[in-house]
Amino acid sequence: MDRGSEDFEAFYEGHRDPCFRAVLATVSDRHLAEELTAEAFARAWGHWRKVRRHPAPAAWVVRTALNTHISWWRRRRREVPWDAATVGALEREPADDDATVVDLALRAALRKLPARQREVVVLRVFLDLDTRSTAAALGVAPGTVQSHLHRAIKALRAELEETNEREEITR
Amino acid sequence: MSTDDMDALAPGDEELLNGLHRSVAGAALATSAADVVALGRRTRTRNRAVAAGIGTSAAAIVAAIGVLAPSGGAGAGSGTAYGALPHAGPRGGALSGGSDPGGSKAVPPTTGTQSPALSETGFVLDEQSDGTIGVTVKTLFDPTALQAALDKAGVPNVITVAQIPDGWDMSRGIECTPESGVRPAGRVGGEAITLPKGPTHLTLVVHPSVIPAGDYLTLTQFQSHGQTKVTSFGLYVGRQRTCVPQHSVGSTGHDFG
């Protein structure tokens, strides 16, 4: 095994789960998250000489996975309805049996964030990147990261409060 | 202000983010490093082949579409095809399996449970004790392998991999232009091919005993530069020989992503 492969495998073993959790929290479908994450790591392997020099290679993987998801969703949104009713529903339910109601509410709130805010939160929370590293990974100023993070937290909090209020009303 | 200062969050904010972290705590990616490397290696090989100009120009690729399918073409009539699933990524085959005609599981193996050897052909075929055939399709590398497996299982079929022409407007869909005498089988198609709830990848349950003589399970996978974009499938009367792409729906103004 060459040195590059050893490096990649060490990187993979060290970051596979945090990256997977970041993607899972965002897409909330375990099977899809697995596919997206594995796919992104495979791309990282293919471009390892470049990716290894990235300020935060794990962030590169997560962003690649989430960008792949966006492309997938855009295609799915416009193509799945193609006479799907003939053989039954093609839509799949999220496969995540372990999540609690609060977990799902948090993830739903995360998915509602604007893309850049969501990226900042994901890198900060799941990859444990600090402001400087997050900024380097996203190619923005540290102040911009901080601004996005605070807006994201505010939006998450508002979304959760709204969810709680809806639950109170339904009880 | 240093970035250390910027990292400081109010206690309540920190708690909120911790809650988000906890919401997926314990989730682990099962895919092995070997599988990821194998997937990356396959993809790189394909990309290099494409970059090297196999098929030469785009015009040559377009011209070749009609003869690309080793097993003949597939049809997916507009508004009458049974289904079409876009794929999650360029190499959805990452999690795909190979032919396993003797399998007995109703659900194909998931990520990380498959050996690298099962990742080569891009599908899993499981014969059930009730006579149904489970077919999970990812990126097909060799459509003749799936065709042969289905033949062996007694499912008349037409399996095709077709290349999407460069610049194709995917917002208007894509399908094979139906050939003379080839048409959707109608209601029986919904009985012969069902889609169980399950993972996001395409899994069909085929009921061979329901398929009338002269009908074919017709599955076409449309790929672009080694990436699977859409897989369409259905039960058709007649055998489609070639696949000449045509738009399946009216334009909605989106570009092919």
Margin query: Restricting to the stretch A:101-128, give me the number of residues that are within 15 Å of B:ALA25 (Cβ to Cβ) and not in a helix (DSSP H, G or I).
Written below: 2
Check: Is one or more of the residues making up the stretch A:68-80 under 26 Å from A:LEU129 (Cα atoms), at pLDDT below 85 and touching an Asp or Glu at 6+ places or on another chain (Cβ under 9 Å)?
Finding: yes
Notebook entry, point to check: Taking the stretch A:85-131 as the search range and keeping residues that are within 8 Å of chain B (Cβ to nearest Cβ), in contact with an Asp or Glu (Cβ under 7 Å, 6 or more places away or on another chain) and modelled with pLDDT of 75 or more, which one is nearest to A:THR144 (Cα to Cα)?
Noted result: A:THR131
Margin query: Go through (1) at pLDDT below 90; (2) touching a helix residue (DSSP H, G or I) at 6+ places or on another chain (Cβ under 8 Å) for A:ARG166 and report which single condition fails.
Written below: (2)
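The values are calculated or read from the model by the stated rules, or taken from the named source; none is laboratory data. Keep in mind that this is a model prediction, so the values were computed, not measured. Neighbour counts are summed over all protein chains in view; Cβ atoms, including those assigned to glycine, are modelled from backbone coordinates with ideal geometry.
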